[in-house]
Amino acid sequence: MREDVEVKQTIPTIDLDQFRFGDRTQQSQVVACLGHALEDYGFLAIENHGVNTDVVRLAYGAMRAFFALPEKTKAQYERREIGRQRGYTPFGKERAKNRRTADIKEFWHSGPEINPSDPVFDRLPTNVWPREIPSFRPAIINLWSELAACGNAVLKALARHLGAEEEF
């Protein structure tokens with residue numbers, strides 16, 4: 001792409017900082033745009049999402065290191081017994097319900113770190129962490145936490161759009 005050509009964003013965009021830190025008017029504008037985007041398009045872009053680029057960079061680095069490991073090493077982290085809801089999923093193992101062919105991707109699945117005293121602890125699988133890459137766990141936990149904070153802010157704005165309490 002030529003650098004002297006301005007690209008215009010054509011999908012709805014919200015500035016999450018205006019919702020988190022703005023005045024009532026700015027927050028209302030974000031809520032209205034979010035509602036319009038989801039009702040009319042089903043998606044939107046988010047600016048100022050709050051996910052630190054260094055956190056993303058470290059997580060991508062940890063993932064690159066993991067996926068560069070030999071297949072036999074990665075396979076140790078596949079958890080078939082829980083439907084691969086945590087850990088490693090090798091190429092071709094995930095199938096869409098409406099398709100006969102497997103996807104050609106491999107991936108890692110992590111979730112929140114749940115305290116054993118939390119009532120949902122027994123209902124969610126625990127995370128799996130590769131021993132070969134010490135930086136993997138903290139990098140992924142940090143990314144998960146920042147993405148969850150972003151998601152929670154969007155859900156609060158959506159709740160407001162729906163006329164519900166923000167914690168709904």
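Mean residue ellipticity at 222 nm, helices only, the chain: -13000 deg cm²/dmol; runs of at least 4 DSSP H residues each add -39,500 (n - 2.57), and the sum is divided by the number of residues. Here the chain is treated with +1 on each Lys and Arg Cβ and -1 on each Asp and Glu Cβ, and its dipole about the Cα centre works out to around 1020 debye.
Take every pair of alpha-carbon atoms less than 8 Å apart whose residues are at least six positions apart; their mean separation over the length of the chain yields a relative contact order of 22 percent. Which listed residue (L147, T13, A65) has the Cα farthest towards the positive end of the charge dipole for the chain, taking +1 on Lys and Arg C-beta and -1 on Asp and Glu C-beta about the Cα centre? Farthest along the dipole direction, towards plus: A65.
A simple rule links phi to the HN-Hα coupling: the Karplus curve 6.51 cos²θ - 1.76 cosθ + 1.60 with θ = phi - 60°, which for the stretch 125-131 gives x, 7, 6, 10, 10, x, 5 Hz, with x for Gly and Pro.
Taking amide hydrogens as placed 1.01 Å from N in the peptide plane, the amide H of E78 sits under 5 Å from those of Y88, each at least 5 positions away in sequence or on another chain. Springs between alpha-carbon atoms under 10 Å, Gaussian network over the chain: tell me which of V128, V56, V120 tops the mean-square fluctuations. Between V128, V56, V120, it is V120 that shows the largest mean-square fluctuation. Once you sort the root eigenvalues of the Cα gyration tensor of the stretch 1-88 as a ≥ b ≥ c, which label holds: rounded (a/c under 1.5), prolate (a/b larger than b/c) or oblate (the other case)? It is prolate, given that a/c is not under 1.5 and a/b is the larger ratio. Scaling the Cα radius of gyration of the chain by the globular reference 2.2 N^0.38 Å produces a ratio of 1.27. Rounded to the nearest 10 square angstrom, D40 shows an accessible area of 100 square angstrom against a 1.4 Å probe.
Given a 1.4 Å probe and every protein chain left where it sits, what share in percent of the accessible area of the chain is carbon and sulfur? Each step should come with its number before you reach the end.
Values: 6150 of 11630 Å².
Here carbon and sulfur together make up 53 percent of the probe-accessible area.
Would you mind checking which residues have amide H under 5 Å from F107's amide H? H placed 1.01 Å from N; only 5 or more apart, or other chain. Sorted by chain and number, the residues that satisfy this are T89.
The values are calculated or read from the model by the stated rules, or taken from the named source; none is laboratory data. Owing to the predicted nature of the structure, the values given are computational and were not obtained by experimental measurement. So basically every Cβ, Gly included, is an ideal-geometry build from the backbone, and we count neighbours across all protein chains shown. To get the accessible areas, we keep the full protein, side chains included, count just its heavy atoms, and leave off ligands, DNA and RNA. Shrake-Rupley method; radii C 1.70, N 1.55, O 1.52, S 1.80 Å.
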